[in-house]
Amino acid sequence: MNEIGLGLLFTSAFVSSTLLPGGSEALFVALLWHGGHAPLPLLLTATAGNALGGLTSLAIGALIARRYPAQALAKPAHRKAVERVRCFGAPVLLLSWLPVLGDPLCVAAGWLRLPWTAAFIFIALGKGLRYAALIPAAGM
């Protein structure tokens, strides 16, 4: 049963971190409360799934860049978002955990071809800190 819970958490965290909606935080807290899991394996599993999902969004951005270079952006809001990512670089991906904003940040980072290693480190750190904040909130 423990492996099934971790597998479901990884999958939920991965899907939640791509452009698809998901609720991995609720599953994370439920497994903390009722799943018979220690917090650390849950934290590492959720962080790995969520960070790899963010890396997938980064790859999608890199693929989009081949077809639509940054100069082709028509909407001022899109140009502004790209400029922010350009300005702050990979550290802006600490915010990749934010709802609505996080996924586009990862896509923009891939589109701008930010270094993958640095991007992954900042994505994983931001997403891991979000899950870590849920542990005391869940009463653990």
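Since every read-out is calculated from the coordinates, none of them should be taken as a lab result. This one's a predicted model, so the numbers in the text were calculated from it and none came from an experiment. Note that we place each Cβ from the backbone using ideal geometry, even for glycine, and neighbour counts take in every protein chain shown.
Odds and ends about this structure:
- FRET efficiency for Leu95 and Ala26, using Cβ-Cβ distance with R0 set to 25 Å, rounded to 0.05: 0.75
- Cα-based shape type of the chain, given that a ≥ b ≥ c are square roots of the gyration tensor eigenvalues and the cut on a/c is 1.5: prolate
- Counting only alpha carbon atoms, the long axis of helix 24-34 and the longest principal axis of the chain meet at about 10°.
- Label sites at Ile135 and Phe88, each approximated as a point 7 angstrom past Cα along Cα to Cβ, lie 2.5 nm apart.
- With Cα atoms, 0 to 90° folded angle of helix 116-137 axis to the chain main axis: 40 degrees
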